[in-house]
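Before any comments, here is the structure.
The values are calculated or read from the model by the stated rules, or taken from the named source; none is laboratory data. The shown structure was predicted, so the numbers you read here are calculated from the model rather than taken from an experiment. For neighbour counting, all protein chains shown are included, and Cβ atoms are generated from backbone atoms with ideal geometry for every residue, glycine included.
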Amino acid sequence: MVELRKEDIKKIDEFLIRHKVKFIDVRIELIDHLASKHELESQTEKLHAFLMRNRDFIKTFTKERQSKIHWIYQKQIIKQVALFFYKPRFIIFTALIAFALFSIKELNIQKVTLWLFLISIVIPLAIALYKQIRTSSKLKKMQSYQTVCGIMSMPSLFLFTPVNAYLPFDSNLFYIYWFTALIFGISGLIVFNRLLKETNINYSKIVSA
């Protein structure tokens, strides 16, 4: 088995970019698959010829992986949400959120409630967007990022409906919705931070010199 050099790994990455594999987290997995496959199967075949021969595999893998990523990160966010109800350090935070919402409900000031609701729903998504913008240009295109942000943004869709018409600010249902949206938003941010860190580390290991 001939082990590929760092220069060869970079060539695989460049080949994938040229062939429209734009999401870096998908490329990381493809690089690993292709490098292992080349080392095992192609002792004498030149790397470029090997990659050209595997274009159909690349297309199939990319399509399948992008569809699977949504479900992978949806499960991760749900698992993170569950931690807020049984892990001690998260339970404390959950109790603080519940207490804060209870206090807001007791105040019963519609204008204050509305603004606090809007700000708290948008903040997790805004932080994720800010972090992604500040990331190295090579890491800005992540299928995982788009998936997590898509899940995180679901509570904010409610902002574009007449809130008080469906969930009056003094109703328990409104505060249950707000509580759930906050837990999902924070969970999405935690998962996003984790995937951003992992992607940075993995990309540096595989591609960077």
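Listed values, structure above:
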item: Hits in segment 3-41 (condition: over 25 Å from the mean Cα position of the chain (by Cα) and not in a helix (DSSP H, G or I)); result: GLU3, LEU4, ARG5
item: For THR44: the one exception among (1) of a type in the set (S, T, N, Q); (2) over 24 Å from the mean Cα position of the chain (by Cα); (3) assigned to a helix (DSSP H, G or I); (4) farther than 23 Å from THR199 by Cβ; result: (3)
item: Boolean, LYS46 is outside the structural domain of PRO168 (by TED's automatic domain parsing), free of Cβ contacts under 8 Å to residues at least 12 places away in the same chain and surrounded by fewer than 18 Cβ atoms within 10 Å (Cβ to Cβ); result: yes
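Yes/no per residue for (1) in contact (Cβ under 8 Å) with a residue 40 or more places away in the chain; (2) more than 18 Å from TRP178 (Cβ to Cβ); (3) surrounded by 12 or more Cβ atoms within 10 Å (Cβ to Cβ):
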| residue | (1), (2), (3) |
| --- | --- |
| ASP56 | no, yes, no |
| THR94 | yes, no, yes |
| GLU106 | no, no, no |
| ILE123 | yes, no, yes |
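Every residue, every condition in (1) within 19 Å of the chain's Cα centre (by Cα); (2) at pLDDT 75 or above, yes or no:
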| site | (1), (2) |
| --- | --- |
| ILE176 | no, yes |
| VAL191 | yes, yes |
| LEU195 | yes, yes |
| ILE206 | no, no |
